[in-house]
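One structure is given here, and the rest of the page talks about it.
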Amino acid sequence: MDTAEEADICRVCRSEGTQDKPLYHPCVCTGSIKFIHQECLVQWLKHSRKEYCELCKHRFAFTPIYSPDMPSRLPVQDIFAGLVTSIGTAIRYWFHYTLVAFAWLGVVPLTACRIYKCLFTGSVSSLLTLPLDMLSTENLLADCLQGCFVVTCTLCAFISLVWLREQIVHGGAPLWLEQNQQQPANAAGPPNEAPGQGNGGAENQPMPAPAEPPAENAAAAEAPDLPADPAEEMELDNEDEDDGGAEDVADANNGAQDDMNWNALEWDRAAEELTWERMLGLDGSLVFLEHVFWVVSLNTLFILVFAFCPYHIGHFSVVGLGFEEYVRASHFEGLITTIVGYVLLAITLIVCHGLAALVRFQRSRRLLGVCYIVVKVSLLVVVEIGVFPLICGWWLDICSLEMFDASLKDRELSFESAPGTTMFLHWLVGMVYVFYFASFILLLREVLRPGVLWFLRNLNDPDFNPVQEMIHLPIYRHLRRFILSVVVFGSIVLLMLWLPIRIIKHIFPSFLPYNVMLYSDAPVSELSLELLLLQVVLPALLEQGHTRQWLKGLVRAWTVTAGYLLDLHSYLLGDQEDNENNANQQANNNNQQARNNAIPVVGEGLHAAHQAILQQGGPVGFQPYHRPMKFPLRIVLLILFMCVTLLLASLVCLTLPVFTGRWLMSFWTGSAKIHELYTAACGLYVCWLSIRAITVLLAWMPQGRRVILLKIQEWTLMIMKTLIVAVLLAGVIPLLLGLLFELVIVAPLRVPLDQTPLFYPWQDWALGVLHAKIIAAITLMGPQWWLKTVIEQVYANGIRNIDLHFIIRKLAAPVIAVLLLSLCIPYVIAVGIVPLLGVTMEMQNLVQRRIYPFLLMVVFLMGILSFQIRQFKRLYEHIKNDKYLVGQRLVNYERKAGKASASTHSSSVQE
């Protein structure tokens, strides 16, 4: 044995090869890691759960070793036995999954719906007939759908309760709930937030008036070592007392904490063992039947506790107070009655909590307090997410009635005809308004000096937790914030919608109302309108990142202008040099700094107090600024200037895009009335292109005329290429795709054989755009094939690096060829070949109308047949391996055509 053979060792166990355990070189790697034992590789593959080498990325290959007595072809009886076994296994799995689907999609929702109806029927007979109602076959589908909604609500309620418990455990409960019960003064205090002021709790820390700017508290900077808030001073005074009494109340607190954290390790271990497959029954076991029983029981319990009891409490109260007619007139009797029940339940919990505190029932007091927190947070969530956007949506609608030539009577009639849909649409509009308002506030925070918007919550703050605020802050604070938000949002709607509409009607009487009704002379339908807007215009506008940058630049320019006009530049944007000077002055003379009207670097005001409560740390910092003379007057002038600017901006946004769109659309449609979504979208697009062109030209100006001409030439060429690609990909392909869909699906279903189908190219193109986007999305999410590769390459190149030759040759030409063949071949067969066979006119008409769906069915059947053939080949290999496979042998890597590339990889691995 020479030295070369002695050097061949396994890369894993570092031992040489033997006759029983030979060495293999299964991948591109060379040198000391070239060889490996098959047993070592198999063991490593089991641990790493990979099928390729981690260094060279080459996939390992194994060749099967069959028994010597294996025939060249499997006997028919072996194939039949394997087929029967596979069919039996498939039937067993089919029965099991059918049982799973029947349990989760049938029994659970149907039981929830029938129990829900039984509880809310209000009669004893419904309870007696509940077992028979469970087996009833009436309205199965409707009850299952309604039951799915009920189950979803109960599961969401359960998850919310668990999450709220985690918030209380990790974020801390209110101090009025955790107060020392051995102190009579604290124990005698009432339990709710308002009496909790005597407890010095976090809910009742004195807050500075929101109207006071942070600069009013400049005296706090003179003594930075002292607490800036009286509540903080109170907490510091009581800190030693709390620490001294900690051992005395340890048992009581630990008992309460045990209730909140019972068996945490056991629950974690159970959660690790329980998987989704095991819970739902997808692992083949029948353990899921127990889970079905518990889900049904949980649904029943939650319906009884969270729906039945509050509803009947509210119902009896509404009937007793004589408000039944008013509640019934709202068309939402059940929802309003349930909310009233929750409000009364919260009041009852407050009273019971106070009584338990008086008689010193520790566990009862804590349980009632936690229940009150749950009800309180639930009601606040309903108000914040449901009521507030609904108010904003209705206020937007009321203020914009004149813009659409509508009246309150029209809105009342629409509400009477469809109350649920009307309320949902108004809630959706309100949510969109609130969302964009919050987005604009976030943009303002990026421009303005930190501390200017001290009275608004910072949604980007990672420590901001609205649920903790709902838990800790008292009800009157939330009520005050809600009223302030309604006033602010409502005033902005008046300023930016109602007042501009009045001005437009006074200056341009014929401009309003907007045309939002489709008339018979409109050249398009509502479907194509919505598809064009959603699939073409809005993505083109929203996918551009320039819009936000432009808006941010406008806000910054306005802020700089207003700052210099009103001498508020330091207040609005800050001044780094002034900050450094102020820091030096503070080190030298704090009194002189106070006379210079510099604000403290520690935060004051509502926002800082909120963060102090939630973070349990120091208050939020502010960037210092200079306070000019007559500061309140300048702030008032700043607000007036802001209102005038918003009014002018709203006037421009309401008139310019629509006017531009109407003027451009008039060249196409003449005097016909066009839906304003068309005109507004067209105008917005033209305005966006104009602004984009102006900004690009301004950016090119410093580079000289020659560079500008070269840039214009490049952009002209790029625009021409983009137009050609747009015509092919956004024009021809969607039109052919929509026409094919019309011939294959729509026309055979909607048009009888004795009528002639009519085709509308505009609608076919609009549907084709939608289908093309769906097909592209499915292709990008699917496996790798030539169309996905081409689309990904086109996306990667982008518009600036657009490759016209590649797009036409690899994407447009093949797709258009396939679509044209799909359209032309059936037409040639039906019109050119079938009449030559001498069939009747009725048969020719039948063939012409049904050949497209017939060929689609043929292609579908061929696909199924191809799939079944592949499955049979897999079954054949499976039967052969089960009966005659005795082992596997590792395959050595052989350098063939790709020797050069393989050597390159191996050399890199050696290095």
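Only the coordinates and a few stated rules stand behind these numbers; no lab work does. Values in this document were obtained by computation on a predicted structure and should not be read as measured data. When we count neighbours, we look across all protein chains shown, and the Cβ atoms used for this are built from the backbone with ideal geometry, even at glycine.
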key: Relative contact order, percent, the stretch 17-73 [alpha-carbon distance under 8 Å, six or more residues apart]   = 28 percent
ask   = Among E384, E54, which comes first, second and so on when ranked by fewest other beta-carbon atoms within 10 Å?
value = E54, E384
request  = Find how much the distance from L837 to A649 grows on full extension, using 0.36 nm per residue of separation minus their present alpha carbon separation; answer in nm with one decimal.
outcome  = 60.6 nm
key: For the stretch 731-794, the fraction of alpha-carbon pairs in successive 5 Å shells from zero, as %   = 4, 17, 20, 18, 16, 11, 7, 4, 2, 0
task = May I ask you to list the residues of the stretch 96-121 whose amide nitrogen lies under 20 Å from a point 7 Å from Cα along the Cα→beta-carbon direction of F316?
result = 118-121
query = What number comes out for the charge environment of L132, summing +1 per Lys or Arg and -1 per Asp or Glu over other residues with Cβ under 14 Å away?
reply = 0
inquiry  = For a protection proxy built on the mean count of beta-carbon atoms within 10 angstrom, sort 463-471, 507-515 highest first, please.
reply    = 463-471, 507-515
message = Taking 0.36 nm per residue of sequence separation and subtracting the Cα-Cα distance, how much length would be gained by fully extending the chain between I159 and V84, in nm to one decimal?
response = 22.4 nm
inquiry  = Normalised radius of gyration for the stretch 792-857, please: alpha carbon Rg relative to 2.2 N^0.38 Å, two decimal places.
reply    = 1.74
ask   = Length gain on complete extension for the stretch L551 to L484, per 0.36 nm per residue less the alpha carbon to alpha carbon distance?
value = 21.5 nm
remark   = Under the 7 Å Cα-to-Cβ spin-label approximation, L664 and H58 lie apart by a distance in nanometres of 5.9 nm
ask   = How much FRET efficiency would the formula 1/(1 + (r/R0)^6) give for H878 and F95, where r is the Cβ-Cβ distance and R0 is 22 Å, rounded to 0.05?
value = 0.50
key: Only Lys, Arg (+1) and Asp, Glu (-1) charged, at Cβ; the stretch 711-886 dipole about Cα centre in debye   = 540 debye
request  = Can you run the Rg to Rh ratio on the stretch 47-167? Use alpha carbon positions and the Kirkwood inverse-distance Rh.
outcome  = 1.31
ask   = With r defined as the distance between the Cβ atoms of A672 and L45 and R0 fixed at 56 Å, what FRET efficiency is calculated, to the nearest 0.05?
value = 0.20
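Take every Cα pair under 8 Å in the stretch 711-886 that's 6+ residues apart, average their separations, divide by the length, and report that relative contact order as a whole percent.
In percent, rounded to a whole number, it is 27.
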remark   = Cα extents of the stretch 375-517 per principal axis, largest first, Å, are 51, 39, 23
Cα-Cα separations in the stretch 711-886 greater than 20 Å, expressed as whole percent = 67 percent
